[in-house]
Amino acid sequence: MNPTDPQELVFLRTALTELPDYLLSSVLFWPLSGPFTGDLTRLTLGNFLLVLIRLKATETASQYSPELLSIQNQVVQLKNKEPGLWRRKAGQEFHARIQMWKNSLIEMMNDPGQCSAEFRHAVRWRVILELLKEELYPETATADLEVLQHLDDMLRRLCNPGQFLWASDLEASFPSNRFWFLYMNI
Amino acid sequence: MSSFYTRTGDDGNTGLLGKGRLPKFDLRMETLGAIDEATAILGIARSLTKDHDNKELLLHVQRDLYGLMSEVAASKEEANRFRVICADSIRWLEEQIDAIAQLTGTPHEFIVPGDCVQAAFLDQARTVVRRAERRLAELLQRGAIENHELLSYLNRLSSLCFVIELREIQLAGIEQPTLAKDS
């Protein structure tokens, strides 16, 4: 994944205004209107949490920090106000991302030639799964958590330890004990 | 000179987003033309439907197609900069298909279009999206573009057109779509 870019902050701002409606809706991959490209054209809790942690990692000492802290506070407030909606949505996305991650791993196993490039992109979903794990009701996601465990075992067999995959200024926010898959090479 | 024409394409070539020009009959231009055509037909369907949800949905799709066209129109080196279709966009389409299919059910036989005007236009859009999908598949095979998710998006979009067509028929008060087989 590239280093953070200005689009990520615009994504957070836009997404924050739409989060309350998003939590109430039945849509999981919520289209955002705006000049977004790449992986940021849809609001999901996972995308939101990932961008938040990435920006906090790179911009703590910059002019954006107060805004990021304010966004984070608003998120905490929203989460406390609607814990059920928040956790339900996180669980739904976790389920959907497991499928995406699983399909991607299977493709990588079937096409070793494209593995490396595919992994660098798809590992984003594994990071999102890690972030969502903290947000959902674990008791409602037992089956999905078991699948993730199997997929992790598969990934460990497929990969070797390597350098941090993303920009180095993000490394401190994605420690290797929790985000071990970001320190792997295929 | 009017901003509605540039004269730069009078030699039969047209510019890419990024460096390079192509003949207007190039496969990439054919693909773009099919996507453009699908967007226009979806616009007719959107203007005709009275259902707010379908209106919103079709508008989102039209905007996605606008972005998709930019990526297809971009040179290989520039394509990433214009990328708006990702795995999440495809999952969103699948969500919409599943939600609408729950309302309409799935016909067990082929249907013939024409039960109401907006549904007929959606069927036409479906066939044009299919054509765009075939052209794009060839572009991918030739290596002219690299994002396979564009192909998945068009594939799901044709399914979405079909379920919205069914929904429009249902909303028009027609009990079931006309079947292809005369039973």
Taking the beta-carbon count within 10 Å as an exposure proxy, list A:Thr37, A:Thr142 from fewest neighbours to most.
A:Thr142, A:Thr37
Computed over segment B:97-183, the ratio Rg/Rh where both radii use C-alpha atoms and Rh is Kirkwood:
1.07
Starting at 0 and stepping by 10 Å, how many percent of the alpha carbon pairs of chain A end up in each bin?
9, 36, 38, 17, 1
Taking beta carbons within 10 Å but only from partner chains, what does the mean come to for residues B:80-91?
6
Would you mind ranking B:Ser89, A:Ser25 so that the residue whose beta carbon has the fewest other beta carbons within 10 Å leads the list?
A:Ser25, B:Ser89
Taking chain B as a Gaussian network, Cα atoms linked when under 10 Å apart, which of B:Leu32, B:Leu57, B:Leu136 shows the biggest mean-square fluctuation?
B:Leu57
When a footprinting reagent is the concern and you count Cβ atoms within 10 Å, what order do B:Val112, A:Val51 take, fewest first?
B:Val112, A:Val51
Extension gain, A:Arg156 back to A:Ser25 (0.36 nm per residue minus Cα-Cα distance, nm):
43.5 nm
In whole Å, largest first, the alpha carbons of the protein assembly as shown cover along the principal axes 62, 53, 43
Can you list the lysines whose alpha carbon sits under 16 Å from that of A:Lys81, skipping same-chain ones fewer than 8 residues off?
A:Lys89
Tell me the relative contact order for segment B:35-183 as a rounded percent, counting alpha carbon contacts under 8 Å between residues six or more apart.
32
Checking the table A:Lys79/A:Lys133; A:Lys56/A:Lys102; A:Lys79/A:Lys102; B:Lys24/B:Lys76; A:Lys56/A:Lys79 against a 21 Å threshold on Cα-Cα, which pairs fail?
A:Lys56/A:Lys102; A:Lys79/A:Lys102
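Since every read-out is calculated from the coordinates, none of them should be taken as a lab result. Here the structure is a predicted model, which means the values were calculated and not measured. Neighbour counts are summed over all protein chains in view; Cβ atoms, including those assigned to glycine, are modelled from backbone coordinates with ideal geometry.
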